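Engineer: Supplied in structure tokens, the structure appears directly below.
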Amino acid sequence: MKIVVATDKPFAKVALDGIRKEIEAAGYELVLLEKYGEKARLLEAVQDADAIIIRSDVIDAEVLDAAKQLKIVVRAGAGYDNVDLEAATAHNVCVMNTPGQNSNAVAELAFGLMVMAVRNMYNGTSGTELKGKKLGIHAFGNVGRNVARIAKGFGMDIYAFDAFCPKEVIESEGVTAVASAEELYATCDVVSLHIPATAETKNSINAALVGRMPKGAVLVNTARKEVINETELIQLMEERTELKYVTDIMPAANETFAAKFAGRYFSTPKKMGAQTAEANINAGIAAAKQIVGFLKDGCERFRVNKKA
Ligand code: 3PG
């Protein structure tokens with residue numbers, strides 16, 4: 001069996017060593033394709049792959065067509081909007097993610113961005129503190145829960161909205177559950193996004209929502225760029241000259257944001273929330289174990305697509 005690790009953004013070496021150990025202990029062969037840049041190289045590498053481990057790498061119908069022997073794709077991470085689930089089902093390929101494995105890393109980076117924003121991008125002027133400020137967590141999944149845990153250490157007042165998570169679950173973590181996204185944005189000085197990119201959430205973070213935030217508010221995005229309505233956010237930030245946007249996912253309109261909003265906009269050059277040795281080890285080794293469990297025992301825990 002051939003297991004291809006196809007990561008345009010490579011794992012830390014220590015994580016790769018762990019993945020290799022799992023794959024080889026099962027008697028399988030590991031093929032590594034890193035920083036491949038062009039899709040043609042991915043199409044070639046997957047030709048005789050039985051399984052693929054990816055990160056944000058795009059697996060679409062063309063890749064699935066090329067991978068004639070493919071049985072399973074594991075996205076080493078949480079969001080699987082980069083995989084065409086319907087096409088995978090049609091190709092009789094199982095798709096899994098590794099929920100929770102990289103969430104602390106992403107949550108820590110959200111605070112890195114938050115501190116940077118309230119300290120005026122470290123420009124030497126007096127900023128503000130996070131202590132005592134109201135933090136809104138938009139979606140209370142694995143990352144949102146880690147954000148809540150860390151926010152307690154900062155002494156923040158924590159609120160969350162999640163349409164799919166019961167109020168009792170949110171409140172059992174010492175977080176105030178609000179009834180709507182509108183209420184969350186109207187209440188909080190800082191909102192941290194942790195929603196997936198789906199048909200419903202794409203473009204949903206718009207001026208009507210962010211415009212409710214109080215003066216001097218900060219929007220933090222470690223989720224996906226697609227959830228932001230960039231045109232409306234640009235317009236809103238032109239009107240609201242005190243509003244800040246810090247993101248780990250470079251917007252399509254990065255140049256416009258950077259040119260217009262110097263000092264209150266920042267984007268990492270490459271998404272790096274999950275880019276820690278620990279997160280790479282956790283997610284990468286979980287992915288390798290899930291592949292072995294699937295190929296040897298048919299275990300489908302963490303499957304995210306329908307069966308054919
Ligand atoms: C995820 O969905 O797990 C995160 O966005 C991390 O993505 P990455 O593996 O591409 O860094």
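The values are calculated or read from the model by the stated rules, or taken from the named source; none is laboratory data. Just so it is clear, the model here is predicted, and its values are computed rather than measured. Heads up, the Cβs are rebuilt from the backbone with ideal geometry, glycines too, and the neighbour counts pull from every protein chain shown. All accessible areas refer to the heavy atoms of the entire protein, side chains included, with ligands and DNA or RNA removed. Shrake-Rupley method; radii C 1.70, N 1.55, O 1.52, S 1.80 Å.
Engineer: When only residues in the range 87-100 that are away from the ligand (no atom under 16 Å from the Cβ), in contact with a helix residue (DSSP H, G or I) (Cβ under 9 Å, 6 or more places away or on another chain) and open to solvent by 40 Å² or more (accessible area, probe 1.4 Å) count, which is farthest from ASP297 (Cα to Cα)?
Structural biologist: ALA90
Engineer: Taking PHE111 as the residue in question, decide whether it is over 15 Å from ILE291 (Cα atoms) and assigned by TED's automatic domain parsing to the domain that holds ILE137.
Structural biologist: Yes, satisfied.
Engineer: Can you say whether LYS307 is over 15 Å from the mean Cα position of the chain (by Cα), in the same structural domain as THR89 (by TED's automatic domain parsing), open to solvent by 40 Å² or more (accessible area, probe 1.4 Å) and at pLDDT 95 or above, as far as the supplied structure shows?
Structural biologist: It is false that LYS307 is over 15 Å from the mean Cα position of the chain (by Cα), in the same structural domain as THR89 (by TED's automatic domain parsing), open to solvent by 40 Å² or more (accessible area, probe 1.4 Å) and at pLDDT 95 or above.
Engineer: Whether any residue in the range 67-84 is assigned to a helix (DSSP H, G or I) and open to solvent by 40 Å² or more (accessible area, probe 1.4 Å) is what I want to check.
Structural biologist: No, the range 67-84 contains no residue that is assigned to a helix (DSSP H, G or I) and open to solvent by 40 Å² or more (accessible area, probe 1.4 Å).
Engineer: Among the numbered criteria (1) under 23 Å from the mean Cα position of the chain (by Cα); (2) in a loop (DSSP other than H, G, I, E, B); (3) away from the ligand (no atom under 16 Å from the Cβ), which one does LEU219 miss?
Structural biologist: Only one criterion is unmet by LEU219, namely (2).
Engineer: Next question. Quick one: what pairs do we get from the range 65-85, first residue of a type in the set (Asp, Glu), second part of a helix (DSSP H, G or I) and within 16 Å of the ligand (Cβ to nearest atom), C-beta under 8 Å, 6+ apart or different chains?
Structural biologist: Cβ pairs passing all conditions: ASP81/GLU226.
Engineer: Please find, among LYS260, LYS289, LYS225, LYS296, the residue that is away from the ligand (no atom under 16 Å from the Cβ), closer than 21 Å to VAL83 by Cβ and among the basic types (Lys, Arg). Steps first, please.
Structural biologist: Values: LYS260 fails: closer than 21 Å to VAL83 by Cβ; LYS225 fails: away from the ligand (no atom under 16 Å from the Cβ); LYS296 fails: closer than 21 Å to VAL83 by Cβ.
That would be LYS289, the only listed residue that is away from the ligand (no atom under 16 Å from the Cβ), closer than 21 Å to VAL83 by Cβ and among the basic types (Lys, Arg).
Engineer: Please go through the range 1-49 and pick out each residue that is in a loop (DSSP other than H, G, I, E, B) and either open to solvent by less than 10 Å² (accessible area, probe 1.4 Å) or among the hydroxyl-bearing types (Ser, Thr, Tyr) (or both).
Structural biologist: TYR28, TYR36, VAL46, ALA49
Engineer: Can I ask one more? Counting only residues that are under 18 Å from ASN146 (Cα atoms) and of a type in the set (A, V, I, L, M, F, W, C), which one in the range 263-280 is nearest to the ligand (Cβ to nearest atom)?
Structural biologist: ALA274
Engineer: Consider the range 260-286. How many of its residues are open to solvent by less than 30 Å² (accessible area, probe 1.4 Å), part of a helix (DSSP H, G or I) and not assigned by TED's automatic domain parsing to the domain that holds GLU34?
Structural biologist: Residues that pass the stated criteria total 0.
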